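The values are calculated or read from the model by the stated rules, or taken from the named source; none is laboratory data. Keep in mind that this is a model prediction, so the values were computed, not measured. All Cβ positions, even for glycine, are placed from backbone atoms using ideal geometry, and neighbour counts span all protein chains on display.
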Amino acid sequence: MEKKQVSKRLYVGGLGHTVSKAELQERFGKFGRVLDAEIITRKDDQGNPMKTFAYISVSISDADLRKSVMLWKLLCWSFQ
């Protein structure tokens, strides 16, 4: 039975400031087809990075999404 793929936009916080789009696509591509990855870095008044997060659009089945979220919570991925 084929799983129905749906497009989801996921928020991923707590990323290292040097994370690349390719790294995100590689990591999240294991769970579904990555459609887009947008990395956002907030900076302080002096221009130093304070917070880096991403929005990742992925085509994934609901079952695979639930499974991947459980794994993401258990794993500590280092992007630094």
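In the stretch 16-43, what count of residues is obtained for those that are β-branched (Val, Ile, Thr) and out of contact with any strand residue (DSSP E or B) (no Cβ under 8 Å at 6 or more places or on another chain)? Within the stretch 16-43, residues that are β-branched (Val, Ile, Thr) and out of contact with any strand residue (DSSP E or B) (no Cβ under 8 Å at 6 or more places or on another chain) number 1. Scanning the stretch 40-62 for residues being under 13 Å from residue 18 (Cα atoms), surrounded by 13 or more Cβ atoms within 10 Å (Cβ to Cβ) and touching an Asp or Glu at 6+ places or on another chain (Cβ under 9 Å) gives a total of 1.
Residue 63 meets the conditions (1) of a type in the set (Gly, Ala, Ser); (2) at pLDDT 90 or above; (3) assigned to a helix (DSSP H, G or I) in every case but one. The failed one is (2). Scanning the stretch 12-36 for residues that are under 11 Å from residue 52 (Cα atoms) and touching a residue at least 40 places away in the same chain (Cβ under 8 Å) yields 12, 13, 15, 16, 17, 18, 19. Residues of the stretch 6-26 that are among the small types (Gly, Ala, Ser) and in a strand (DSSP E or B): 7, 13, 14.
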